[in-house]
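Notes to accompany the following structure.
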Amino acid sequence: MGACPLFYVEEVIPLSKIAATVEGLVGPIIESMGYELVDVEYCKEGQRYFLRIFIDGPGGISLEDCEKVSEVIGEELDRADPIPHSYYLEVSSPGVERPLKKEADYHRFRGRLVSVRTFAPIGGRKRFEGRLLGLEGDEVHILTTTGEHFRIPRPAIASARLKYEPGKE
C-alpha cells in the first residue's frame, strides 16, 4: 500500500463574520478617540481583499482624522490578527449618503430624505424613497414622495441610507 496524499484545507470564514469581528474589535477604540464607527465592510474585489472602516464625527471627518484612526486601528488589527490573509485597510467618511445602521441613526436623521431597500416586498415593493418620519418600536416610518406612509420592520431592511439633499450635509 502506498502513502496517502496529504490535503491542506484552509478554513473559510464568511466575509460578514470577519466584518462583525473587526467591528467589535475596533468600535470601542474608535469611540474612545471621539469618533463614531458608522460601518465596517470587508469584501473581495478581484484577487484583493479590502477592509473599509467608515467613521464620522460631530464636525465631519478630515483626511487627518482618517489617517489617525487608520494608524491606531491598524496597529490593533496587526496585534489581534482577526483576518487570515492580507488585505488593504481603508478608513474614510461615510459620505453624504451614509448608511443608516443603528437605532440612533433613525432618530438622528428624522426628517431627512432616505432610500430603503427590503429583503422581501412590503406593500408590493422592495424599494422605498421618502422622508424618514422616525422609528417607533422596531418599525421605520417613511412618507414617500407620493404621500404614502410605510411602516417597515427593521429586520426586513436590507439597506437604508440618506439621500443627498443640497444644504443638508
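The values are calculated or read from the model by the stated rules, or taken from the named source; none is laboratory data. This is a predicted model, so every value here is computed, not measured. Every residue, glycine among them, receives a Cβ derived from its backbone with ideal geometry; neighbour counts consider all protein chains shown.
The set of residues from segment 80-93 being touching a Lys or Arg at 6+ places or on another chain (Cβ under 9 Å) and part of a loop (DSSP other than H, G, I, E, B) comprises S86, Y87.
When you scan segment 103-148 for strands (runs of 3 or more DSSP E) that lie fully inside it, which ones turn up with 1 or more residues that are closer than 16 Å to K168 by Cα?
Those strands (runs of 3 or more DSSP E) span 113-122, 125-136.
Of the residues screened, D65 is one that is within 22 Å of R161 (Cβ to Cβ), at pLDDT 95 or above and among the acidic types (D, E).
Condition check ((1) among the hydroxyl-bearing types (S, T, Y); (2) exposed (fewer than 15 other Cβ atoms within 10 Å of the Cβ)) across all residues:
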residue: E41; (1), (2): no, no
residue: L51; (1), (2): no, no
residue: F54; (1), (2): no, no
residue: D65; (1), (2): no, no
residue: H85; (1), (2): no, yes
residue: Y88; (1), (2): yes, yes
residue: G95; (1), (2): no, no
residue: F119; (1), (2): no, yes
residue: G124; (1), (2): no, yes
